[in-house]
Amino acid sequence: MPPVLEGNVAIFGAGGPVGVSAARALQGHYTLRLTDVRLSGEITQPQSAGAPLPAVPLPPNEERWVDVSNYAEVLEAARGMDALINCTVVRPHLEAAFLVNMVGAYNVAKAAVELGIRRIIHTGPYHLNLNHNADYWWDYDVPPDVPLHPGTDLYAASKFLGGEITRTFAERHGLEVITFLYCGFLPGDGGPREDGSGLGPFYTSWEDCGEAFRYALRAPTPPHPYEVFLICSDLPHGRFSPRKAKRLLGWEPQHDFQRLWKRAPAKP
Amino acid sequence: MPPVLEGKIAIFGAAGPVAVMAADALRPHYTLRLCDVQPLAERTVEQSAGAPLPATAIPPHEERRVDVTDYAQVLEASRGMDALVNCTVVRPHLQPAFLVNTIGAYHVAKAAVELGIRRIIHTGPQLVIAEHQADYWHDFDVHDDVPERPGSSLYGLSKYLGSEVMRRFAEVHHLEVAAFVYAHFRPANRPSDADGSGLYAFTTAWEDTGAPFLAALRAPATAFEQPFELFHIASRLPHGKIGGSDKAQRLLGWAPEQDFSRLWHRSPIVQE
């Protein structure tokens with residue numbers, strides 16, 4: 001299908017900081033339908049220091065209350081859209097985690113198929129250090145296409161299954177699913193952290209996170225129906241790289257948190 | 001660097017079956033120096049049923065006795081070459097395994113740097129299915145670039161370290177190294193294989209083994225997005241575990257021609 005250069009885009013989980021970053025980058029280029037189970041005015045505490053908060057959308061953009069675990073609501077929210085973005089997530093609660101992370105992904109993919117929408121941007125975590133033998137904590141140059149090994153963590157396992165459902169829909173129905181994986185987030189300037197205080201091997205700035213969505217909508221058809229990208233800064237740890245996103249989407253991170261990983265000058 | 005479209009190629013480990021297929025593919029296009037510790041004519045027993053055996057070199061190609069564990073010999077064998085191919089391997093013996101698989105790789109890479117040769121094709125075993133908890137046996141769509149999991153086997157570990165040596169030389173000295181890894185080989189259509197008898201998830205046809213070498217020599221510099229590019233050289237099989245990444249097709253323009261479909265299609269039920 002041709003790239004989605006304009007039109008209507010629905011974001012599910014628009015109240016979360018990734019959804020907010022996506023909306024900031026897309027507004028002005030697309031007409032957005034921002035959907036969540038909490039409306040913008042209800043979210044007043046950032047998820048972490050420096051994480052973005054949702055703003056009330058200005059017309060022609062709109063806000064809509066949608067429970068992603070309810071197919072009828074997802075279907076109605078997706079109607080008339082040119083692309084769907086799924087940023088929904090629940091982390092700690094057993095039933096809700098599966099309903100949102102897995103069934104929610106199913107609902108979004110199913111609605112896309114029913115309505116003939118072919119491009120979806122799916123999101124999820126890249127879990128590391130899960131304390132089992134088959135994770136990638138000890139590895140370097142880990143590619144985006146490495147098999148995910150979520151272990152038994154509720155958040156990781158439920159999002160993993162949501163990703164597998166979305167992959168299967170993509171392969172079966174010829175969708176173009178672009179999946180973004182993340183680990184840690186910081187403001188582009190490093191936020192309140194001290195110079196030279198370091199950071200983990202997989203970090204993304206909130207600002208870069210949003211821009212990647214615009215590139216994903218505008219990218220030509222990817223080689224595979226379900227294409228996974230690590231959305232991260234190019235950090236000197238050498239463990240995770242945004243190279244694939246540059247190659248296929250044309251997106252490059254603008255923030256490298258150099259202030260945090262360069263040794264701070266010795267104090268006199 | 002520009003692709004190696006003509007010129008001289010040294011193959012180390014030239015008596016082994018992978019090298020035999022490489023030589024067959026390269027012979028019409030390059031002048032080959034076939035190097036092995038053993039005279040090619042002495043290799044008369046197939047490594048496995050249907051595995052190819054070496055032919056004597058006919059001029060302008062030449063054969064040379066080279067022990068890859070001896071740097072001076074590797075250096076002399078590499079002199080005047082436009083690219084190097086390393087197919088050397090020792091599997092079961094502790095000291096020779098490290099000497100050939102690890103230090104041999106070091107020697108080939110070092111000679112390349114000393115002589116200004118930039119393109120190397122390195123070979124080795126797959127290191128993704130190794131019968132331990134952290135391998136990829138239970139996974140599907142295993143990409144060529146996944147972190148390798150050699151486990152504790154002598155063969156796997158010593159070749160893994162050789163591969164890491166190659167990677168470091170490539171990164172530091174701006175080489176272009178294509179590393180080909182394999183698991184099982186078999187002829188594409190061996191008469192003794194029964195229809196529907198199945199096959200391993202990571203299998204390469206001997207007939208498909210040579211062409212990737214030609215493709216790697218002729219690939220443009222842009223094919224080396226990283227100085228050391230590893231490729232799973234395998235048929236595309238319906239298991240969906242290995243060989244489906246299209247990396248070799250995307251970067252080298254090579255795709256396997258054999259898919260062993262006779263072996264994985266269910267055989268018709270025989271009526272009594």
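The values are calculated or read from the model by the stated rules, or taken from the named source; none is laboratory data. Predicted model, so just to flag it, every value in this text is computed and none were measured. Counting neighbours? That spans all protein chains shown, and the Cβs are built from the backbone with ideal geometry, glycine included.
General remarks:
- Scanning the stretch A:17-50 for residues that are farther than 14 Å from A:Asn61 by Cβ and not hydrophobic (A, V, I, L, M, F, W, C) yields A:Pro17, A:Ser21, A:Arg38, A:Gly41, A:Glu42, A:Thr44, A:Gln45, A:Pro46, A:Gln47, A:Ser48, A:Gly50.
- Residue within the stretch B:31-44 that is within 11 Å of B:Leu214 (Cα to Cα) and of a type outside the set (D, E, K, R) present: no
- Qualifying residue in the stretch A:3-13 (condition: surrounded by fewer than 18 Cβ atoms within 10 Å (Cβ to Cβ), of a type in the set (D, E, K, R) and at pLDDT below 95): no
- Looking across the stretch A:200-223 at every residue that is in a helix (DSSP H, G or I) and aliphatic (A, V, I, L, M), the one that is nearest to the chain's Cα centre (by Cα) is identified as A:Ala212.
- Of all residues in the stretch B:87-107, none satisfies the criterion of being of a type in the set (A, V, I, L, M), surrounded by fewer than 19 Cβ atoms within 10 Å (Cβ to Cβ) and closer than 11 Å to B:Gly156 by Cα.
- Check on B:Ala178, closer than 25 Å to B:Val85 by Cα and within 14 Å of chain A (Cβ to nearest Cβ): no
Each row is one residue, and each column tells you yes or no for (1) part of a loop (DSSP other than H, G, I, E, B); (2) within 14 Å of the chain's Cα centre (by Cα); (3) within 11 Å of chain B (Cβ to nearest Cβ).
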position: A:Asp135; (1), (2), (3): yes, no, yes
position: A:Trp138; (1), (2), (3): yes, no, yes
position: A:Ala157; (1), (2), (3): no, no, no
position: A:Gly162; (1), (2), (3): no, yes, no
position: A:Ile165; (1), (2), (3): no, no, no
position: A:Arg172; (1), (2), (3): no, no, no
position: A:Leu181; (1), (2), (3): no, yes, no
position: A:Phe185; (1), (2), (3): no, yes, no
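- Of the residues examined, B:Asp70 is not one that is more than 21 Å from B:Arg167 (Cβ to Cβ), of a type in the set (D, E, K, R), crowded, with 18+ Cβ neighbours inside 10 Å and modelled with pLDDT of 95 or more.
- When the stretch B:239-270 is filtered for residues that are away from every other protein chain (no Cβ under 12 Å), over 20 Å from B:Asp195 (Cα atoms) and part of a loop (DSSP other than H, G, I, E, B), the ones remaining, listed by number, are B:Gly243, B:Gly253, B:Trp254, B:Ala255, B:Pro256.
- The listed residue being within 14 Å of chain B (Cβ to nearest Cβ), surrounded by 19 or more Cβ atoms within 10 Å (Cβ to Cβ) and either touching a strand residue (DSSP E or B) at 6+ places or on another chain (Cβ under 6 Å) or more than 25 Å from A:Ala78 (Cβ to Cβ) (or both), out of A:Val108, A:Val146: A:Val146
- Where a residue in the stretch A:38-55 is buried (at least 17 other Cβ atoms within 10 Å of the Cβ) and its partner, wherever it lies, is polar (S, T, N, Q) and not in a loop (DSSP other than H, G, I, E, B), with Cβ under 7 Å and at least six apart: A:Pro52/A:Ser21; A:Pro54/A:Ser40
- Pairs are defined by a Cβ separation below 6 Å, a sequence spacing of at least 6 or placement on different chains, a first member in the stretch B:149-167 that is under 17 Å from B:Leu99 (Cβ atoms), and a second member that is surrounded by fewer than 18 Cβ atoms within 10 Å (Cβ to Cβ) and not small (Gly, Ala, Ser); the pairs so defined are B:Tyr155/B:Arg91.
- When residues of the stretch B:157-174 are limited to those that are surrounded by fewer than 23 Cβ atoms within 10 Å (Cβ to Cβ) and in contact with a Pro (Cβ under 7 Å, 6 or more places away or on another chain), the one nearest to the other protein chains (Cβ to nearest Cβ): B:Glu171
- Single match in B:Pro191, B:Pro220, B:Pro256, B:Pro187 (criterion: of a type outside the set (A, V, I, L, M), on the phi < 0 side of the Ramachandran plot and crowded, with 21+ Cβ neighbours inside 10 Å): B:Pro256
- Filtering the stretch A:224-233 to residues that are within 14 Å of another protein chain (Cβ to nearest Cβ) and assigned to a loop (DSSP other than H, G, I, E, B) leaves A:His224, A:Pro225.
- Any hit, the stretch B:58-65, residues being surrounded by 22 or more Cβ atoms within 10 Å (Cβ to Cβ) and farther than 25 Å from B:Ala188 by Cα: no
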